[in-house]
Every structure is written in structure tokens, then in C-alpha cells.
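One structure below.
FYI, it's all coordinate maths here, none of it is from the lab. If you're wondering where the values come from, they're calculated on a predicted model, not measured in any experiment. Note that each Cβ is placed from the backbone with ideal geometry, even for glycine, and that neighbours are counted across all protein chains shown.
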Amino acid sequence: MEVRQMKIGDYDFPEDLYYEKNHFWAKDDGSGNVIFGATDFFQQLAGEIVYIALPMV
């Protein structure tokens with residue numbers, strides 16, 4: 001199944017993701033896990049990301 005994408009300027013926004021206002025997205029992978037990521041816009045704005053701190057769960 002092909003995922004539709006919305007394009008705004010130079011940035012792609014796949015329609016199968018849930019977006020939030022700070023330019024991150026989430027996707028249910030169907031197995032009880034959620035995948036998180038950053039939008040194309042955020043990645044261009046942030047540049048190279050060299051460190052991410054995640055909370056303990």
C-alpha cells in the first residue's frame with residue numbers, strides 16, 4: 001500500500017503519521033510499539049543531531 005504524502009514547499013509529510021506542534025511525529029507500528037521521529041522541516045532546521053537524551057521508563 002502506497003502512503004500518500006502532503007508536500008509543503010520542500011518538505012514531505014506522510015499522511016500515515018500523527019503530527020504534533022513541535023515538529024515531531026508518531027506512528028503505531030501495529031505490534032504495540034510506537035515509532036517517534038522528527039519532520040523534514042525540523043531536521044533541516046536542527047542540522048546535525050549528535051545527542052538525544054531519553055527518560056528512563
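On the principal axes of its alpha-carbon atoms, the chain has extents of 34, 31, 18 Å, going from largest to smallest. In a reduced charge model with +1 at each Lys and Arg Cβ and -1 at each Asp and Glu Cβ, the chain shows a dipole moment near 160 debye about its Cα centre.
Pairs of alpha-carbon atoms within less than 8 angstrom and 6+ residues apart define the contacts here; what relative contact order does the range 5-46 have, in percent? Before the final figure, lay out each step's value.
On the way: 46 pairs, mean separation 12.1, N = 42.
Relative contact order, the range 5-46: 29 percent.
Working note: Karplus 6.51/-1.76/1.60 with θ = phi - 60° gives the range 48-57 the couplings 6, 9, 10, 8, 9, 9, 10, x, 6, 10 Hz, where Gly and Pro are set to x.
The calculated 222 nm mean residue ellipticity attributable to helices in the chain amounts to -3000 deg cm²/dmol, summing -39500 (n - 2.57) over DSSP H runs of n ≥ 4 and dividing by all residues.
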